[in-house]
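Here is the structure we will look at.
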Amino acid sequence: AAGAAPVRVLADTQPPENVCVGRDGTRFTLRTPGGVRHLHTPLVGRHQAMNTAVALAMLEAAGAPYAAAARDAETMLSHVSIPGRFQQFGDIIVDVAHNPAGTAALCHTIELLHLPRPLTVLLTVLRDKDWRGMMELLSQHADRIVLTAPPSVPADRAWVLDEAAAFAHERGWNVVVERDFDRALELVREGAATTLITGSFHTVGDAMARLPLCSPAA
């Protein structure tokens with residue numbers, strides 16, 4: 001549009017390089033007009049490097065006073081936190097992935113971190129989401145999946161547990177159905193080296209309200 005600022009395609013001109021994902025976050029190199037920067041974000045996942053690059057470019061384009069935050073990114077990024085986005089509490093991980101794209105990013109992060117096994121998953125997906133696609137992805141990494149129903153899910157959006165269980169059993173996955181959410185939280189942690197709670201904001205929110213999750217693991 002007339003008067004619009006120039007368009008920058010970061011994926012082509014300034015993609016993050018040397019991306020390294022660990023349990024303490026994501027490290028990467030970013031080439032900017034001001035020089036090469038070595039950055040670290042506490043957010044975990046390869047995609048968080050590009051997310052950070054986009055956020056910094058937006059701050060720079062916005063001008064004063066926002067550009068100052070971009071110039072001090074090394075300090076500012078240390079304070080970044082997004083509750084529920086691959087948030088770690090000891091051997092428990094919560095992630096609000098609620099569609100196949102988000103679940104694919106989550107599974108990629110699981111692969112990179114080589115998390116202790118067995119890895120068990122507590123899963124609830126809203127009825128109007130592609131829960132089949134999400135289960136297909138998670139089944140490739142989970143040793144056991146516990147299907148449940150968080151109490152905060154509206155009745156008209158709750159998935160049909162028996163339908164989800166039948167889908168899983170047809171494919172030979174190790175799946176357990178526990179309709180009582182509190183019992184499901186206990187069951188999913190039994191014998192698990194790593195527990196992943198995911199599938200919706202309701203799943204994660206209801207779990208975090210019940211579990212003694214204090215400070216994220218380093």
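Annotations for the structure displayed:
- Within the range 19-28, not a single residue is open to solvent by 20 Å² or more (accessible area, probe 1.4 Å), more than 17 Å from Thr109 (Cβ to Cβ) and not in a strand (DSSP E or B).
- Residues that are farther than 21 Å from His98 by Cβ and under 23 Å from the mean Cα position of the chain (by Cα), drawn from the range 156-175: Asn174
- Some residue of the range 184-202 being surrounded by 15 or more Cβ atoms within 10 Å (Cβ to Cβ), free of Cβ contacts under 8 Å to residues at least 60 places away in the same chain, within 30 Å of Gly25 (Cα to Cα) and not charged (D, E, K, R): yes
- In summary, Glu60 fulfils each of the numbered conditions (1) open to solvent by 30 Å² or more (accessible area, probe 1.4 Å); (2) assigned to a strand (DSSP E or B) with the single exception of condition (2).
- Trp173 outside any helix (DSSP H, G or I), open to solvent by 40 Å² or more (accessible area, probe 1.4 Å) and on the phi < 0 side of the Ramachandran plot: yes
- Flag if Pro100 is open to solvent by 20 Å² or more (accessible area, probe 1.4 Å) and touching a Ser or Thr at 6+ places or on another chain (Cβ under 8 Å): no
- Which listed residue is out of contact with any helix residue (DSSP H, G or I) (no Cβ under 7 Å at 6 or more places or on another chain) and hydrophobic (A, V, I, L, M, F, W, C), from Leu147, Leu137, Leu196, Leu185: Leu196
- Checked against (1) open to solvent by 50 Å² or more (accessible area, probe 1.4 Å); (2) in contact (Cβ under 8 Å) with a residue 12 or more places away in the chain, Leu161 passes all but a single condition, namely (1).
- Gln14, sole failed condition from (1) crowded, with 17+ Cβ neighbours inside 10 Å; (2) free of Cβ contacts under 8 Å to residues at least 40 places away in the same chain; (3) not aromatic (Phe, Trp, Tyr): (2)
- Evaluation of Arg71 against (1) at pLDDT 90 or above; (2) out of contact with any strand residue (DSSP E or B) (no Cβ under 7 Å at 6 or more places or on another chain); (3) open to solvent by 50 Å² or more (accessible area, probe 1.4 Å) (one fails), failing number: (1)
The values are calculated or read from the model by the stated rules, or taken from the named source; none is laboratory data. Keep in mind that this is a model prediction, so the values were computed, not measured. Quick reminder, even Gly has a Cβ in these numbers, built from the backbone with ideal geometry, and neighbours come from all protein chains shown. To get the accessible areas, we keep the full protein, side chains included, count just its heavy atoms, and leave off ligands, DNA and RNA. Shrake-Rupley method; radii C 1.70, N 1.55, O 1.52, S 1.80 Å.
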